[in-house]
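Heads up, the thing below is written out as structure tokens.
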Amino acid sequence: MLSTVLRTAARPALRARVAPVLARSAHGHAQESFESFSERYVEFFKNAEDLFEVQRGLNNCFAHDLVPSPSVVEAAVRAARRVNDYATAVRVFEGVKEKVENKSQYEAYVQELKPLREELGIQLKEELYSS
């Protein structure tokens with residue numbers, strides 16, 4: 001068996017022709033497009049049935065090296081309100097504020113999701129403290 005490994009190592013041209021079927025990340029998971037990531041989390045939050053599940057989904061979603069799309073944020077906020085946890089709904093926006101690169105990106109999220117916030121009666125942390 002060792003001789004087979006050594007022969008294969010001696011022929012790098014043969015190994016170079018074999019390409020992996022899926023690109024893998026450092027953790028061994030298949031890479032996922034931003035669109036499929038967003039769809040997966042929107043579906044997850046639509047089906048979340050309790051606070052633990054919503055918070056677990058938020059932890060997983062925000063652990064990735066990207067800012068969730070507004071559709072994911074909306075689904076998460078709706079899920080938090082569905083399980084009757086106002087604080088988690090407010091914290092979703094805090095998570096977005098921490099993930100974005102600058103204040104103008106955060107303001108864009110806030111403006112885009114303003115109808116949702118008005119519909120569900122959600123104030124941002126900064127609005128709660130200024131009242």
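Tabulated results
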read-out	value
Shape category assigned to region 46-85 from the gyration tensor of Cα positions, a/c cut at 1.5	oblate
Backbone HN-Hα couplings from phi across region 86-100 [Karplus 6.51/-1.76/1.60, Hz, Gly and Pro as x]	4, 4, 5, 4, 5, 5, 4, 5, 5, x, 4, 4, 6, 7, 5
Region 34-129, dipole about Cα centre (Lys/Arg Cβ +1, Asp/Glu Cβ -1), debye to the nearest 20	140 debye
Summed residue charge, Cβ within 14 Å of GLU49's Cβ, Lys/Arg positive, Asp/Glu negative	+1
Cα→Cβ-extended label distance, 7 Å offset, between ASN84 and TYR129, nm	3.0 nm
Accessible area in the full protein assembly, largest first, 1.4 Å probe, for ARG81, ARG56, ARG91	ARG91, ARG56, ARG81
Region 34-129: translational diffusion in µm²/s, Stokes-Einstein, Kirkwood Rh over Cα pairs, 37 °C, 0.692 mPa s	248 µm²/s
Portion, in percent, of the accessible area of region 34-129 that falls on carbon or sulfur, probe 1.4 Å	48 percent
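The values are calculated or read from the model by the stated rules, or taken from the named source; none is laboratory data. Here the structure is a predicted model, which means the values were calculated and not measured. Quick reminder, even Gly has a Cβ in these numbers, built from the backbone with ideal geometry, and neighbours come from all protein chains shown. Ligands, DNA and RNA are stripped out before the accessible areas are found, and what is left, the full protein with its side chains, is counted by its heavy atoms. Shrake-Rupley method; radii C 1.70, N 1.55, O 1.52, S 1.80 Å.
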